[in-house]
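Okay, structure first, notes after.
The values are calculated or read from the model by the stated rules, or taken from the named source; none is laboratory data. Note that the structure is a prediction, hence the values are computed from the model and not measured. Positions of Cβ are backbone-derived with ideal geometry, glycine not excepted, and every protein chain shown enters the neighbour counts.
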Amino acid sequence: MTGKLHLIRIGDHYYPRPDRGWGSCAEELLHHSSRYYHYTEAFLRNLAGDRRFVLGGYRAEDLSEAQRGVLAAVLSLPPGAETAAACIRIVEAVCAGRDDVDADLAERYRERLHVVPREEGAPVEHSFHDPVPPRDLPPIEPFLAIAERLQMPVAVHGHVVELSFRQLARHLDSPRPQVRVNLQNAILWLHQAGYHLHDHPGLSHGEARDIGDDGAV
């Protein structure tokens, strides 16, 4: 049994739709680069294990057609060490003023570029440290528990999670590896469950409690 990949359109071209595990990071990488890029930067750093990576200077509009195609192919797969490293290589090429794609990357993701049907059950890359969501817990609970320990204000309404991306990025860059891993996994569970992270600069605990109809820290 086969299933077709869902498509997105960018300009006059169609690409595989990003895997939901990337959340808003896919939009940041493919469509526009905002001043709130710190979260995407830290997200990629942790996935790839590359503490030196910086996203500053990257602009999605500088992607060449070839680079955008391979990047979209990479993002159509779940977040993981390999896919994050591929994203970083493309970003670094763009920042260096190049418009080409390394041959090994182009070959590795060539089939995804053709948007061909994929056999159900075909192996796909596991996400960061292969996290397994806790059973019998709403997906938001692990994230709220970590946010409470980190004293990071968070407001939840529906499937929208409001918090400061700058503060989130700081915790994702924590010198404590376990904090980085636990927080990264909690974010991945949210993405996979259909939650959307929304940047709310300067959010306080009091304001979070006022607007968080479905949970707050």
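Could you tell me which of the residues ALA84, ALA48, ALA60, ALA72 is in contact with a Cys (Cβ under 9 Å, 6 or more places away or on another chain), at negative phi and among the small types (Gly, Ala, Ser)?
Just one listed residue meets the conditions, ALA48.
Let's see how each residue does on (1) within 30 Å of TYR15 (Cα to Cα); (2) in the same structural domain as ALA85 (by TED's automatic domain parsing); (3) among the acidic types (Asp, Glu); (4) at pLDDT 90 or above:
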| residue | (1), (2), (3), (4) |
| --- | --- |
| TYR109 | yes, yes, no, yes |
| PRO131 | yes, no, no, no |
| ALA147 | no, no, no, yes |
| HIS157 | no, no, no, yes |
| SER174 | no, no, no, no |
| TRP189 | yes, no, no, no |
| PRO201 | no, no, no, yes |
| SER204 | no, no, no, yes |
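Among all residue pairs at least 6 apart or on different chains, which show Cβ distances below 6 Å where the first residue, located in the range 143-166, is within 18 Å of THR40 (Cβ to Cβ) and assigned to a strand (DSSP E or B) and the second is at pLDDT 90 or above and of a type in the set (Phe, Trp, Tyr)?
That search, which allows pairs on different chains as well, returns VAL161/TYR195.
Would you call ALA72 within 15 Å of PRO16 (Cβ to Cβ) and in contact (Cβ under 8 Å) with a residue 60 or more places away in the chain?
Against the criterion (within 15 Å of PRO16 (Cβ to Cβ) and in contact (Cβ under 8 Å) with a residue 60 or more places away in the chain), ALA72 qualifies.
In the range 54-78, what residues are in contact with an Asp or Glu (Cβ under 7 Å, 6 or more places away or on another chain) and in a loop (DSSP other than H, G, I, E, B)?
Selection gives VAL54, LEU55, SER64, SER76, LEU77, PRO78.
Kindly indicate which of GLY158, GLY206, GLY194, GLY202 is within 19 Å of PRO18 (Cα to Cα) and exposed (fewer than 14 other Cβ atoms within 10 Å of the Cβ).
Values: GLY158 fails: within 19 Å of PRO18 (Cα to Cα); GLY206 fails: within 19 Å of PRO18 (Cα to Cα); GLY202 fails: within 19 Å of PRO18 (Cα to Cα).
Matching residue, one of GLY158, GLY206, GLY194, GLY202: GLY194.
Confirm whether ALA186 is in a helix (DSSP H, G or I) and under 20 Å from ALA84 (Cβ atoms).
Considered against the rule, which asks whether it is in a helix (DSSP H, G or I) and under 20 Å from ALA84 (Cβ atoms), ALA186 comes out as yes.
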